[in-house]
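Below: one structure, written as structure tokens.
The values are calculated or read from the model by the stated rules, or taken from the named source; none is laboratory data. Owing to the predicted nature of the structure, the values given are computational and were not obtained by experimental measurement. Cβ: placed from backbone, ideal geometry, glycine included. Neighbour counts: every protein chain shown. Ligands, DNA and RNA are stripped out before the accessible areas are found, and what is left, the full protein with its side chains, is counted by its heavy atoms. Shrake-Rupley method; radii C 1.70, N 1.55, O 1.52, S 1.80 Å.
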Amino acid sequence: LQPGTATELSFSSPLSSPGHHWGRVSLLNPDGLPQDDARGFAVQVAPDVSVLCVEDEPESSPDSPSYFFRLALNPWQQPGRGAFRIRRASPAELRELALGPYDVIALVGAGRMTEGAWQRLDGYVSGGGGLLVFLGPLTGASYRGAAARAALPGRVGQVASAPADSPFGLRIVRSGHPRVRAWKASGAS
């Protein structure tokens, strides 16, 4: 650099291990004021979040029911990139798979849940594991059984559809629930 000029410098440093990391950037050719020729920095790298995405046919094409969920977690669609490590498995695999290494299990298009799979999930959740459940057209009768009720935080009811020519309404059970308060605050009726 010429005297009296400034520039901006960008760099990237892939940090694959979680924890605190520090570094130092310095000029190779010191100038007349060596005190400002180096700068230190520190960053905190969060550990990856391990997600098990359970769906009926994990070997199917990428545009399965879990596609947009997985895309939201890893928009690059590349293993090892981003903060989420995603593995796909079927409900049948839950019976044999070690669940402990996963931070979160997400049921996305998992309509073929068995009683054994629900029991494994109940043990996982009871031990502090996270569970996301996306209900949709594949939500079958197994979601209403006793084993599912033990693992899920709420009871799954019957599918309800409003006729095309009439409005659909919701009955508020807990008016103090944060979601209900947000709806009311938005002016929704």
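Under the classification rounded if a/c is under 1.5, otherwise prolate if a/b is larger than b/c and oblate if not, where does the range 18-95 fall, given a ≥ b ≥ c as square roots of the Cα gyration tensor eigenvalues? It is prolate, given that a/c is not under 1.5 and a/b is the larger ratio. When Thr7, Thr139 are compared by accessible surface with a 1.4 Å probe, the order from highest to lowest is Thr7, Thr139. Name the shape class, rounded, prolate or oblate, that the alpha-carbon gyration tensor gives for the chain, where a ≥ b ≥ c are the square roots of its eigenvalues, rounded holds for a/c under 1.5, and otherwise prolate holds if a/b is larger than b/c and oblate otherwise. Because a/c hits 1.5 or more and a/b exceeds b/c, the chain counts as prolate. Rounded to the nearest 5, the antiparallel percentage of DSSP beta bridges internal to the chain is 35%. Of the trypsin sites (Lys or Arg not before Pro) found in the range 99-189, those that fall in a DSSP loop while having at most 16 other beta-carbon atoms within 10 Å are Arg112, Arg155, Arg171, Arg174. Here the label points at Leu15 and Glu115, each 7 Å from Cα along the C-beta direction, are separated by 5.0 nm in the simple model. How would the range 124-184 be classified by its alpha-carbon gyration tensor: rounded, prolate or oblate, with rounded meaning a/c under 1.5 and the a/b versus b/c comparison settling the rest? Oblate, since a/c reaches 1.5 and b/c is not below a/b.
Only Lys, Arg, Asp and Glu count, each charged at its Cβ (+1, +1, -1, -1), so figure out the dipole size of the chain about its Cα centre, rounded to 20 debye.
In debye, rounded to 20, the chain gives about 920.
Taking Asp63, Asp48, Asp165 in turn, the Gaussian network model of the chain (Cα-Cα springs below 10 Å) assigns the largest fluctuation to Asp165.
Cα centroids of the range 6-47 and the range 112-189: 48 Å apart. Peptides 89-99, 26-36 ranked from most to least packed give 89-99, 26-36, packing being the mean of other C-beta atoms within 10 angstrom over each peptide's residues.
What number, rounded to the nearest 500 deg cm²/dmol, is the helix-based mean residue ellipticity at 222 nm of the chain, given -39500 (n - 2.57) per DSSP H run of at least four residues and division by all its residues?
Rounded to the nearest 500, the figure is -4500 deg cm²/dmol.
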